[in-house]
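Contents: one structure, followed by commentary.
The values are calculated or read from the model by the stated rules, or taken from the named source; none is laboratory data. What you are looking at is a predicted structure, and each value in this text was computed from that prediction instead of being measured. A quick note on method: Cβ atoms are made from the backbone with ideal geometry, for glycine too, and the neighbour counts reach across all protein chains shown. Accessible surface areas use protein heavy atoms only, side chains included; no ligands, DNA or RNA. Shrake-Rupley method; radii C 1.70, N 1.55, O 1.52, S 1.80 Å.
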Amino acid sequence: MGLLNLSGFGLGHALMRCWFRTVLCWAATGALLLVALPADPDGVAGGLVVAYLVVLVLAAVDGAWTARRRAVGGSWRPMVAAVVGLVLLAVPAGGVMFYGSAQDEAVEQMLLDRLDKGDRTVEAASARTFGAARGDYRSALAVYRELGEKHAGSRAGKLVPKRLDAYYRSVSAPYRQKKHCEAIEPLTYLRTVPKEIDPKLLGDLVGYPDVPLATSLYECGVSKLGDPAGGTESRELDELLRTFPGSAQAGKVGPAVSRKISEQSGAVRGSNPCAATETLRRLRATALSLPDKSVSALARNADGSIENGIYACGLAQFKDKRFGEARQTLTEFAATYKKDKRRARARDIAVAAEIAGTRPAAGKHLPPSGRPGGARMQLVISNDAPDGVEILYTGPVTGKVSIGGCGSCRSYSWVSGSLSACKAKGKSYPHATLWLPAGEYHFLYKHREGSSSASVTSYADGSKIQPGYRYTGCTYVTSSTSLGTGPTDSVSNT
């Protein structure tokens, strides 16, 4: 009877009509089934199993003890009861096996749920930029790593290689969409994945990112060549040449840079030489910054075109009435390229541009490129001002001359200046003599800064030089406290 009670159904007590004890056995078994089913991946708590086994043992001992004092009716005999008890022991044993199988299936389902969660994370991440989804991609990779490395024999673990293939396709989607600049960051990330997961799970994916990354670095870098937004250093091309120096893409960098330089060299002769020149400067700086010596050597291919471009840019700025920019550009040209045959011409145009900045009529056309022949008239300009003066002029000829300050001279009132300047008897004024061909001229008088003329402003004027005359001029400063304005200078011709 004790063996019959080990079945967990209290059959020994039932045969002896001990119904209360039978119900107790049913209650214990029912409680166990209620807790254990459905099967959980973590199984049943050990304490509960031990408590149930104790109940079974107590039921068996109680059944055997009771059977010795109470006869079992019918044809039941001790031997038959023993055989039946042994047979019924298969019930709990089979239950244990069934529960183990159910628990294994529960574990499989749990792992499949984790796999599905990782898949859904990747799918959600694919709808965002990689920068925003990087954390989700790392989270999904952690799921795949755990399933593939710790549960390789499970159904979920066996699916990990295929999921990793989909994972790589999702991360590298910008490359397939030909968004090469956008693809660089995710492809760079994929090169680090073999360090975070067993490479055996990746298979051929281990080396997959190299070619797409090299291609993206090349395409993105070349698309930015000469672009103002891209700066003068190409991070993408630099990384390509350092990371994949022997790749086919790295071999195309030199020809691409050379081609861009050639294109912009032609553009210097076009309608926007200033933009082309700036692009050439950026291309030159980019070439010099790259680690491949054969590429950096291409920088010298831009030098001649930059020289031509600066000159052409200055002329274009003058023609567009951007006189301040033209002056700066052509002054830079003359200072930088001292052996260029156009240097003197550039300096003349810079002078005319400076005059035109104050007197726009001086910029109606470029100064003549040649020196006219024929007679030249004398123009003597004296300085009746405490500080020196620089005189710029443009017309049939262009140039500038400086006159020192007159230490004993003073400022004049607005009225007395035109009557008295440069007319003191027996006084020698600093002066300069110009020999000018006949024609219309524009002058700009620039007083040098000094303690006595800190507020003196430049003064521009026009004058006509006619054949057969000798001209004189006088510069002086006037002050008018009633007007509250700074001194100005003037010139008179006789």
Selection within the range 155-194 - under 26 Å from the mean Cα position of the chain (by Cα) and open to solvent by 70 Å² or more (accessible area, probe 1.4 Å)
R169, R176, Q177, K178, K179, E182, E185, R191
Go through the range 240-250 residue by residue and tally those that are part of a helix (DSSP H, G or I) and open to solvent by 50 Å² or more (accessible area, probe 1.4 Å).
3
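Is the range 317-326 home to any residue that is crowded, with 24+ Cβ neighbours inside 10 Å and either on the phi > 0 side of the Ramachandran plot or free of Cβ contacts under 8 Å to residues at least 60 places away in the same chain (or both)? I'd like the intermediate steps shown before the answer.
Taking the range 317-326 as the starting set, the residues that turn out to be crowded, with 24+ Cβ neighbours inside 10 Å are 318, 326.
Filter once more, so that each one left must be either on the phi > 0 side of the Ramachandran plot or free of Cβ contacts under 8 Å to residues at least 60 places away in the same chain (or both): 318, 326.
The answer is yes, given that some residue of the range 317-326 is crowded, with 24+ Cβ neighbours inside 10 Å and either on the phi > 0 side of the Ramachandran plot or free of Cβ contacts under 8 Å to residues at least 60 places away in the same chain (or both).
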Just the residues that are part of a loop (DSSP other than H, G, I, E, B) and in contact with a strand residue (DSSP E or B) (Cβ under 6 Å, 6 or more places away or on another chain), please, taken from the range 423-434.
Y429, P430
Picked from the range 287-302 (must be among the hydroxyl-bearing types (S, T, Y) and under 14 Å from P255 (Cα atoms)), the residue surrounded by the most Cβ atoms within 10 Å (Cβ to Cβ) is S296
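Under the condition of being touching a strand residue (DSSP E or B) at 6+ places or on another chain (Cβ under 7 Å) and basic (K, R), which residue from the range 345-398 is most open to solvent (accessible area, probe 1.4 Å)? It would help to see each step written out before you state the result.
Of the residues in the range 345-398, the ones touching a strand residue (DSSP E or B) at 6+ places or on another chain (Cβ under 7 Å) are 348, 351-352, 354-355, 358-359, 361-362, 367, 372, 374, 376-385, 387-397.
Restricting the remaining residues to those that are basic (K, R) gives 359, 376.
Values: R359: 70, R376: 94 Å².
Among those that are touching a strand residue (DSSP E or B) at 6+ places or on another chain (Cβ under 7 Å) and basic (K, R), it is R376.
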Note on E307: of the conditions (1) open to solvent by less than 20 Å² (accessible area, probe 1.4 Å); (2) under 37 Å from the mean Cα position of the chain (by Cα), unmet is (1)
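What's the total number of residues in the range 399-413 that are open to solvent by 40 Å² or more (accessible area, probe 1.4 Å) and farther than 29 Å from K364 by Cβ? Please lay out each step first, then the result.
Kept after step one, since they are open to solvent by 40 Å² or more (accessible area, probe 1.4 Å), are these residues of the range 399-413: 400, 402, 407-408, 410-411, 413.
Among the residues that remain, those that are also farther than 29 Å from K364 by Cβ are: 407-408, 410-411, 413.
Qualifying residue count for the region: 5.
Collect the residues in the range 123-140 that are touching a residue at least 12 places away in the same chain (Cβ under 8 Å) and either among the β-branched types (V, I, T) or surrounded by 20 or more Cβ atoms within 10 Å (Cβ to Cβ) (or both), keeping them in residue-number order. First the steps, then the outcome.
Initial filter on the range 123-140 (touching a residue at least 12 places away in the same chain (Cβ under 8 Å)): 123-126, 129-131, 134, 136-137, 139-140.
Within the range 123-140, A125, T129, F130, Y137, A140 qualify.
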